[in-house]
1. Can you give the Rg to Rh ratio of the range B:59-147, both from alpha-carbon atoms, with Rh computed by the Kirkwood formula?
2. Looking only at other chains, what is the average number of their beta-carbon atoms within 10 angstrom of each beta-carbon in A:293-300?
3. Kindly provide log₁₀ I(q)/I(0) values, in the same order as q = 0.18, 0.23 Å⁻¹, from the Debye equation applied to equal alpha-carbon scatterers of the range A:6-113.
4. Over all residues in A:580-590, what is the mean tally of Cβ atoms on other chains that come within 10 Å of each residue's Cβ?
5. Could you tell me the distance between the Cα centroids of the range A:385-411 and the range A:491-545, to the nearest Å?
6. Between residue A:416 and residue A:272, how many nm apart are label points set 7 Å from Cα along the C-beta direction?
7. Restricting to bridges with both residues inside the protein assembly as shown, how much of the DSSP beta-bridge set is antiparallel, in percent to the nearest 5?
8. Measuring from the lowest to the highest alpha carbon on each principal axis, how far does the range A:131-339 reach, largest first, in angstroms?
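Readers should treat all values here as calculations from the given coordinates under stated rules, not as data from a laboratory. Not measured: the values here are computed from a predicted model. Methodologically, a virtual Cβ is constructed for each residue, glycine included, from the backbone with ideal geometry; neighbour enumeration extends over all protein chains shown.
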Ligand SMILES: Cc1cc2nc3c(=O)[nH]c(=O)nc-3n(C[C@H](O)[C@H](O)[C@H](O)COP(=O)(O)O)c2cc1C
Ligand code: SF4
Ligand code: SF4
Ligand code: FES
Ligand code: FES
């Protein structure tokens, strides 16, 4: 391999591609060629660095200089200044705030300082389309070790020792699950990777698949060896076209290197891997529904038992794990279960990836040791709330999860602590909400989601969520009564207790936790007919403040339903009966003369 | 997606060919059909039913279960506005309303000129850039209603 004095890593994750990183990459190559530097500097496309908010991201090694919001026009300057003259382009560095110094290096960023990237170890460092780069960072070494030195029982005991638990939501101990499947006697077994990532607000699985697909393939092959499977499936959401493309490329490369397929590494272990594209049903993330979907049927959950470990895909013993779970397997094999178990809390070991989104300054993916507090995640890594507004709640666990409040900020994160607070770990989607977010609206939002995604098999789930949603709609439009609150609670308990699968069993959680922690907001909607966060359009009014209005007429010009009247002589007024509460007038008024009440 | 209706049976047979005698074919076959024609024409369902000896009711059951399949023709460009949680708290509802107003279509509707179909979607996995929408396979993030027009114009 030729050696290069510098490497330029351009992020090719979905976030940065959306910001134009493909063009940045092309322009960098052109500019380098123009300067005759193309033999000295290599441009590499990597996966997501987790800091998509600041994308497109470009890192220059060996210095580790971290450039943010890079545009194609910046390529010439980076080449001329940094790569030719050796001077850092200050204006493209990240500055946490006006007052603070800009940050030159990757590892100086507060965002990365508290992270411990294990599942995300290669994301942003390697070119996901090049198996050689994965191999250069210890890739497929764990598989080699397993095939040549370890028995299947050794592998399982190492995973058990690590304390690794399922990262897809349930948190079931991975080693135990593998053991059940291994003990199941059959001529045929399957391993499956759950890449359906249905939780809206979570994108760690996507980043791993796009940034480091081989880590998942290798983990699955190790699992297959341990459990005695010779065939596997990756079930990936169709909304992730780039992940599917990179997975396909990775499988083809691994096959051509003899790392997948027949007689892997010359042993008698064979493992064949397929990709199945999902077809857009949230419930298919549930393991039994997912298997029904691979079989070509409607993805409806099946009652358990029988458990997949005994009777799974096509009636054969099967094991299913989440993307992030699989990506943790190789480091555990290489460094040992004890190493992994040395991180985290007593019952929740290792690290967890969180997707930090919503009203927080640094949105992105963070991988942190279990036991870290919510406060550290939001304020140290996340940089606090946008515009320094007041933190109100963190929603964790998606539609099955719940809300954490101010009083939970110092809670050390673990499966147990979150469940005790009425939330769940879920897949690790952490959506931050500030004073402008209405918690009743949030509860309604999640129920709209679960109600639409209920597969309809069980009546309590199908009808109960519908009734709950109708009740919430009444409340947010100012027509709710205090009895509605009791009714909501009753319905919630009924749906929780009598649904077949996790979707129905957890759908009431967002309602229950918001009722528990934000009952006053519900009451304000009912008793005072007011939405304290001024978010529910049924309970707010837009008004023109005559003393501030300079009669410029911009509001009237921009109102989509033409309900604002006035001219240079007559004051501007909004016809409340026709206003659709779109908020356009408030946004366009240059004199802040429109207010929301 | 310009395939004439008369070609549907022949094309569907070609799609089916590699799947004969294999299990779990229905969803990949329907995905290929949809990819070829832009939707799942009833003529294609008839061919699948006849060739694979599967009742049409069962096929319709699967087609209607999954949000991805469509029984009617759709626009040349699919606009997916994210309605996931991260986008919701950053104002995606307003964005969706704006797109609806610009295109004069409702959710899951297609413009009369068959240029666009508008679909809300649960999460596009680019939550860091919320609010987000996807047109065909391109993701557009950090959207504000003002930017929409210029973005949509790129898709003719
Ligand atoms: C409605 C519902 C949706 C689910 N969606 C997902 C998903 O998108 N991704 C995932 O990994 N697990 C999902 N799960 C959890 C899976 O059923 C299963 O527990 C998991 O894939 C097991 O892998 P793990 O042990 O590695 O977590 C879902 C469960 C339910 C009830
Ligand atoms: S609980 Fe809901 S989603 Fe789950 S099987 Fe029953 S109806 Fe379907
Ligand atoms: S909120 Fe929208 S509809 Fe109402 S007056 Fe303002 S611009 Fe017009
Ligand atoms: S996509 Fe580039 S940092 Fe996430
Ligand atoms: S919530 Fe919109 S992309 Fe995830």
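1. Working: Rg = 13.3 Å, Rh = 13.4 Å.
On the Cα set of the range B:59-147, Rg over Rh gives 0.99.
2. On the way: counts 5, 3, 4, 13, 7, 8, 4, 1.
Average neighbour count from other chains, rounded to a whole number: 6.
3. -0.81, -1.32
4. Mean partner-chain Cβ count within 10 Å for A:580-590: 2.
5. The range A:385-411 and the range A:491-545 have Cα centres spaced 16 Å from each other.
6. Computed distance between label sites residue A:416 and residue A:272 equals 4.5 nm.
7. On the way: 42 of 75 bridges.
Percentage antiparallel, nearest 5: 55.
8. Between the extreme Cα coordinates on each principal axis of the range A:131-339 lie 42, 36, 32 Å.
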